[in-house]
Amino acid sequence: MTAVAVPADAAVVNAAPPAQASARAKELRAQLEAHNHSYYVLDAPTVPDAEYDRLFRELQALEAQYPVLLTVDSPTQRVGGKVLDELQPVQHRVPMLSIQTETDIEDSGAVNFDNRVRKELGLAEDAPPVEYAVELKFDGLAISLRYEDGVLVQAATRGDGATGEDVTANVRTIRVIPLRLHAAGGTAPKVIEVRGEIYIDRRDFEAMNASQQAAGEKLFVNPRNAAAGCIRQLDSRIAARRPLSFFAYGTGESEGWTPPLTHSGVLDAFAAWGVPVNDKRAVVQGAQGLIEYHRRVGETRNALPFDIDGVVYKVNSLALQQQLGFRSREPRWAVAHKYPAQEELTEVLDIEVQVGRTGAITPVARLKPVFVGGVTVTNATLHNEDEVRRKDIHIGDTVVVRRAGDVIPEVVRVLIERRPVDARSFVMPQTCPSCGAAVRRDEDEAVARCTAGLYCPAQRKQALLHFASRRAMDIDGLGEKIVDQLVDGGMVSTAADIFRLEAPALAALERMGDKAAANLVQAIAQCRDTTLARFIYALGIRNVGESTARDLAAHFRSIDGLMAADGMRLQQVTDVGPIVAQSVAAFFADGHNREVIAALLAAGIHFAPIAEPQAPAPGVAGKTFVLTGTLPTLTRDEAKARIEAKGGKVSGSVSKKTHYVVAGEEAGGKLTKAQELGVAILDEAALTELLNEI
Ligand code: IVH
């Protein structure tokens, strides 16, 4: 929704407004707030923006004409305006406390808390489980919203818990926070303080930082700092432009209110008054319930649009909360159970380059080891030169490193203000660090490449590793350390040489023994029995991934046929365009490549007969599937192969274009996303049924 300028031409009338004008202003305030709530909280706009703007302008005009009609809860006040000299202190009549934290990654955090609660309450071992309200632990800024007779009169930060700062003007600009409690929730108490967290969605945060960067302004380290910075602004027009949001999680002072019997009931009451409460909250029983919640949220954490750093467990009954009371400044009835941080600060010790299979030279940040996302991270790919420039990463910089779930770690941003004077910028080498050949970057390419092809030892090693990889020839035991020694020692220079290796020579290598050498020789022998598709993929032709390799194999049905095809014939293959056709033709035109292929075939590689193409199943052909979790009997690869055999595609991420998500045990964020997007969800049995349909 857009903010609208104040009309300048309305005549100001100081006399009391006619009853009709007062009534209309009241009605407009209620309507606008209801639309606001639908738009920002429920994400379900009820009227077009133009209609909202019309109502907004009508209210502004009334308020301009009759200034007495302008109330603090008027939606026209959300655009900000006041500029303060300083933030005023606010005494919290009920202190804003913090909670104890359990940092155990395992279940013991939940068990310890439940044990403590049961002991304090004097419960017998066989007494029924304690009921808990469980919530997300939002990673933002704590705030207390004071409503008097339903109207937001003050918003204060936590400060030291006893005294905070008055940030009312800024908080009024946050669209999700009702300026007046909704009547649907029943009569508002004389006083109620709603406590909760102000936060920023991750995507909004990235957008905000992008515009800060474009404007040459300082970047925020994380959404929490950004939220805190916005809320403690003196100029509320700045806060009004920030994408701030809010979730309630507790109560401060109240007067004239009979609270529900449980904490979850309190949050229900807040929701009925139009106060945002997160819908991932739940009520569970006993330690087991806490453990399951912690696990469930942990699995779907990455799919949340905002950062959390844990979950919070609270004894649900307010009477029991009272009985448990406080120890120093923390309640005995609540605990935060954290997850490993997904973002940490560390230093860039160096930026080195790696040479890939196709000669791509990739800058890699060597980092001071840092524990993030549950593992120790020591390096992060920076992808290419432009990326290093875009993120402005220097050697010596302090950077934010993020590792969320299984995603590879990335350098998110630099803390420019911490850049040391001797920081060095990255220079892309002119020559390949492995072979010394020239490095070239074509104009329309983001990637710089070593020009030596397979004469470059680094490219050769990568090509061999690719050839041996699981989805290619699947030679178990031929890893990086062995390939390094084989290439550096001159024992192997092409893939065909692998088939001449003998156990005694292998056993003499470092990290090898007789047993490992014998196993490797056996693995090499076994890989000779393969499929044409795997073999084509294993050759490492540029732009030919697994799926294209399969298409090429299905189309040409023999390596000779493929090698003889020209660009025109290649483009007849499904999904093969001019770029792929050119890569394939160029690969097979190369004399060295042809020699290696001849040597491989002479070494005894042979291909399983290719089945006649199956008629695509109507329910599968052309459909996109996403696999998640562990299926009861099929492995991922098997499920994928079956779907593809019937003309379906398997993709790694869920989007609106996904037709089916196949979910097994411990399915995580992809399942949640599918549910959110309304994508059909299948279990293994349903998938099998679909695959068997004619
Ligand atoms: S309850 C008396 N619930 O975490 C209990 N706190 O130290 C008061 N936080 O700064 C806190 N999400 O701002 C509670 N669902 C949640 C929370 C939450 C985030 C913050 C809170 C406080 C810190 C706890």
Query raised in the report: Residue separation times 0.36 nm, minus the C-alpha to C-alpha distance between R296 and Q91: what's the value?
Result: 70.0 nm
Query raised in the report: Per the Debye formula with a single identical scatterer at each Cα and no solvent contribution, what log10 I(q)/I(0) holds for region 598-650 at q = 0.13, 0.17, 0.22 Å⁻¹?
Result: -0.48, -0.67, -0.83
Report summary line: Taking Cα atoms only, helix 263-272 is inclined relative to the longest principal axis of the chain by an angle, in degrees rounded to 10, of 80 degrees
Report task. With label points built 7 Å along Cα→Cβ from the Cα atoms of Q675 and V375, find their separation and express it in nm. Result -> 2.7 nm
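What percentage of all Cα-Cα pairs in region 63-191 are separated by more than 27 Å?
Values: 3539 of 8256 pairs.
When every Cα pair of region 63-191 is considered, 43 percent fall beyond 27 Å.
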**Report entry** Computed E for D268/D529 - FRET, C-beta separation, R0 56 angstrom, nearest 0.05
**Finding:** 0.30
Query raised in the report: For region 328-344 and region 519-548, what is the separation of their C-alpha centers, rounded to whole Å?
Result: 50 Å
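When only Cα pairs under 8 Å and 6 or more residues apart are kept, what is the percent relative contact order across the chain? Spell out each step's value before the answer.
Working: 1239 pairs, mean separation 61.6, N = 694.
Here the relative contact order equals 9 percent.
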Report summary line: With x for Gly and Pro, the residue-by-residue ³J(HN,Hα) of region 123-140, computed from phi through the Karplus equation 6.51 cos²θ - 1.76 cosθ + 1.60 at θ = phi - 60° and given in whole Hz, is 7, 6, 4, 8, 5, x, x, 6, 8, 10, 9, 10, 9, 6, 9, 6, 9, x
**Report entry** the chain: angle of helix 546-556 to the longest principal axis, Cα-based, in degrees nearest 10
**Finding:** 40 degrees
Query - Relative contact order computed over region 187-299 (Cα-Cα under 8 Å; 6+ residues apart), in percent - result: 33 percent
**Report entry** Isotropically averaged projected area of the chain, using the convex hull of Cα atoms (one quarter of hull area), nm²
**Finding:** 40.5 nm²
Requested in this report: Pick out, from F113, G80, Y39, the residue whose Cα sits farthest towards the positive end of the charge dipole of region 30-142, with +1 on the Cβ of Lys and Arg and -1 on the Cβ of Asp and Glu.
Outcome: G80
Requested in this report: May I ask for the angle, rounded to the nearest 10°, between helix 457-468 and the longest principal axis of the chain, with both axes built from Cα atoms and the value confined to 0 to 90°?
Outcome: 90 degrees
Query raised in the report: Put a dot 7 Å past each Cα toward the Cβ at R594 and D575; how far apart are the dots in nm?
Result: 2.9 nm
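Antiparallel DSSP bridges in the chain: what percent, to the nearest 5? Please report the intermediate quantities before stating the final value.
Values: 78 of 93 bridges.
Antiparallel: roughly 85 percent of the beta bridges in the chain.
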Report task. With 31 Å as the limit, write out which pairs from K338/K368; K218/K461; K119/K280 have Cα-Cα distances beyond it, or answer none. Result -> K218/K461
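So if we plug the beta-carbon distance of R202 and A602 into 1/(1 + (r/R0)^6) with R0 = 41 Å, what FRET efficiency do we get, rounded to 0.05? Let's see the in-between values first.
Values: r = 55 Å, r/R0 = 1.35.
In this case the efficiency is close to 0.15.
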Report task. Describe numerically, in nm with one decimal, the distance between label points set 7 Å from Cα along Cα→Cβ at E684 and at Q154. Result -> 6.1 nm
Report summary line: Within the chain, the cysteines whose Cβ lies no closer than 4.7 Å to any other cysteine Cβ are C230, C527
Report task. Can you grab the distance from the C-alpha centre of region 146-218 to the C-alpha centre of region 634-665, Å, no decimals? Result -> 43 Å
**Report entry** Percentage relative contact order, region 586-694, counting C-alpha pairs under 8 Å, at least six apart
**Finding:** 28 percent
**Report entry** Potential lengthening between K368 and Q212 on full extension [0.36 nm per residue; Cα-Cα distance subtracted]
**Finding:** 53.4 nm
Query - Label point at R24 placed 7 Å out along Cα→Cβ; residues across region 45-60 whose backbone nitrogen lies under 18 Å - result: 51-60
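Quick note: the coordinates plus some simple rules give every number you see, no bench work behind them. Remember, it's a predicted structure, so these values are computed and weren't measured experimentally. Ideal geometry is used to build each Cβ from the backbone, glycine not excepted, and the neighbour counts take in all protein chains shown.
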